[in-house]
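Before any comments, here is the structure.
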Amino acid sequence: MKIITTENATEAEQAVLREGIVRFNHETVPDLEPESAEVRFFVLARDEQDAVAGGIRASCFWNTLHVELLWLSPASRGSGLGAQLLHAAEEKAKQHGMELALVMTTSWQAKPFYEKQGYTLLSSLEGMPKGHTSYYLQKRF
């Protein structure tokens, strides 16, 4: 067996891996939600000049809202906009039948914000990134 490490896997190679794990998952758990059921979406806030003042990138799959990122412009922070964006993302997730939300944040970011929104700590990973901690939080709907 030859082992190769690359940063440039072909589309065909990527497809073999992706389709292989999907096939394995469905053979193991036949009633598992299909990969095609994933919903990717954004929640955006625009200011008076129609510029993006904040937003969320998220996806829904396996009964879970995955909050991939939440960003607010400096002028929008502390205004309650983050809570409004997160609420909108959660409502969209509920419309798609999601039952829980998952988010990862870091020690300099927004752990207290998520806890204030009803998220609870699942796990922490010290040293990721170096000198900091990553936190994994969840919220059940």
A 1.4 Å probe over the protein heavy atoms gives region 21-119 a carbon and sulfur accessible-area percentage of 55
Among Ala89, Ala45, Ala58, the residue with the largest mean-square fluctuation in a Gaussian network model of the chain built from Cα contacts under 10 Å is Ala45
Taking Cα atoms, the helix 81-95 axis meets the longest principal axis of the chain at an angle in degrees (rounded to 10) of 40
Mean accessible area per residue over the chain (1.4 angstrom probe, all protein chains present, square angstrom) is 69
Over the chain, the sum of -39500 (n - 2.57) across DSSP H runs of at least four, divided by residue number and rounded to 500 deg cm²/dmol, gives at 222 nm -9000 deg cm²/dmol
Once all protein chains are kept in place, His132 shows an accessible area at probe 1.4 Å, nearest 10 Å², of 70
Ranked by GNM mean-square fluctuation in the chain (Cα springs under 10 Å), the top entry among Lys111, Lys92, Lys130 is Lys130
In degrees rounded to 10, the 0-90 angle between helix 11-28 Cα long axis and the longest Cα principal axis of the chain is 90
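The values are calculated or read from the model by the stated rules, or taken from the named source; none is laboratory data. This one's a predicted model, so the numbers in the text were calculated from it and none came from an experiment. To get the accessible areas, we keep the full protein, side chains included, count just its heavy atoms, and leave off ligands, DNA and RNA. Shrake-Rupley method; radii C 1.70, N 1.55, O 1.52, S 1.80 Å.
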